[in-house]
1. Given labels modelled 7 Å from the Cα in the Cβ direction, how far is it in nm from ASN343 to ASN131?
2. Do any GluC sites (Glu not before Pro) in segment 56-162 lie in a loop, going by DSSP, with at most 12 other beta-carbon atoms within 10 Å of their beta carbon, and if so which?
3. Only Cα pairs under 8 Å and at least 6 apart count here; give the relative contact order of the chain as a rounded whole percent.
4. Going by how many other beta carbons lie within 10 Å of each one, how would you line up ARG246, ARG395, fewest first?
5. Please list, in order along segment 249-254, the HN-Hα scalar couplings obtained from phi with the Karplus expression 6.51 cos²θ - 1.76 cosθ + 1.60 (θ = phi - 60°), rounded to whole Hz, x for Gly and Pro.
6. So which GluC sites (Glu not before Pro) in segment 238-333 are both in a DSSP loop and have at most 12 other Cβ atoms within 10 Å of their Cβ?
7. So for segment 52-307, averaging the separation of alpha carbon pairs under 8 Å that are six or more residues apart and normalising by length, what relative contact order in percent results?
8. Around ALA24, with a cut-off of 13 angstrom between Cβ atoms, what is the net charge of the other residues, counting Lys and Arg +1 and Asp and Glu -1?
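Quick note: the coordinates plus some simple rules give every number you see, no bench work behind them. No experiment lies behind these values; they were computed from the predicted model shown. Note that we place each Cβ from the backbone using ideal geometry, even for glycine, and neighbour counts take in every protein chain shown.
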Amino acid sequence: MKKSLKLKHEILAKVKEYYQVAHASKADFVPGKSRVAYGGRVFDAKEMQNLVDAALEFWLTEGRFTQEFEQKLAKYLDAKFSLFVNSGSSANLLAFATLTSPLLGERRIKRGDEVITVAAGFPTTVTPIINYGAVPVFVDVTLEDGTYNIDCNLLERALSAKTKLIMVAHTLGNPCDLKALKAFCNKHQLWLIEDNCDALGSKYAGKFTGTFGDIGTSSFYPPHHLTTGEGGAIYTNNPLLYKIARSVRDWGKDCSCPSGKDNVCGARFSQQLGTLPFGYDHKYIYSHFGYNLRATDLQAAIGSAQLAKLNKFGEKRRKNWQMLFNGLKDLEEFFILPQATTNSDPSWFGFLLTVREKAGFTREDIVNYLETHQIQTRMLFAGNLIRQPCFDQMRAAKKGYRVIGNLQNTDRIMQNTFWIGVYPGMSVKMLNYILAVIHFFVQKHTAH
């Protein structure tokens, strides 16, 4: 053991040395030649050392790093429970599936029940609703005020006797109007799932987003606020929802023994559940139709190191966003600039710009110009999800979803909106270059 421990320390020291040689020094940014990415990994030797530490242990599946990461994430958010999963999409799937459990009685979501959401977002916020046979009810989003979130003034119109849940994302880190959402959910006894995948570290009324609803979800894909490569998480303060979610995540099993441990409950061979024979092995009793949505301990090891940097990452995102906002303030004649929701402190995922209808140029004009000048851009994900090919059959059949109003702002976003990055790896030099290119483009296309 002493020899292996000594070797381990030597290996980890070499990993740190390797990081310094292979990753620490970065090439100088050359305006117009170097690519300005919208997002990416920001890490140091600690992530690599944790990863190698987990590899040397070779437990691979859920282990000590997973437990550490889940506990630290829950503590950071001031939530009671957290579960690590293999992606943000899986987190949304798990959150929704949890609310279909028979253990929830009359409040469980069943086929045909309705879920209020938006079409201006990422598809995997909506996918679980459709996969489980529920009905998404799409409402429009705010636009002219620059917040891009669900229009809470439309909630009453969207409500029906079948409504069970509101499931929405905080757009690019900007919190929804959680005061209005919570009041509406409480009034009508609805569940609330916060898709927090783009907003980890954002706050509303001094409290972290993702913790206002019944369940919050996160993604740890490389461009996000922290990364585990692939990965995600759900979090909740509800012990029953945590119990259900853990079961669904782990094949649907009734047993809650940690990986590699048996008979923690002390009743492995002394129970009778379902119509199984008495004493059937509890490790192979399934109380839900579940999945294997677990991530590896290797990923959790990276996450634990990343989590320690999350506050600094958030500070840098805010600083970068503010620099872009200040630098583009003089172009409000041409763009709708993003604005933080009242009473919020966003940890921004990106900087949204909507080209005004009388700007004198189109979104395609400026996006092509930016991309040609090595500045990476992104759309606001699906734009209007119900216009995507995945909705072709449902749209043709005119069933499977409902729309409140005409989604006018959602369509404008689909046509006129794009965003650029603010991630912590961006330098002042990069941001100044972005500002210069945008200003030059506007001058070129609006000169008389």
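1. Here the modelled spin labels are 3.5 nm apart.
2. Numbers: sites: GLU57, GLU62, GLU68, GLU70, GLU106, GLU114, GLU144, GLU156; in loops: GLU62, GLU144.
Sites meeting the loop and neighbour criteria: GLU144.
3. Once divided by the residue count of the chain, the mean separation gives 22 percent.
4. Values: ARG246 18, ARG395 15.
Least crowded to most crowded, the residues run ARG395, ARG246.
5. 5, 9, 6, x, 5, 7
6. On the way: sites: GLU315, GLU332, GLU333; in loops: GLU332, GLU333.
When the GluC sites (Glu not before Pro) of segment 238-333 are filtered for loop state and at most 12 Cβ neighbours within 10 Å, GLU332, GLU333 remain.
7. 25
8. Numbers: positive: LYS16, LYS26, LYS46; negative: GLU17, ASP44, GLU47.
Residues near ALA24 contribute 0 overall.
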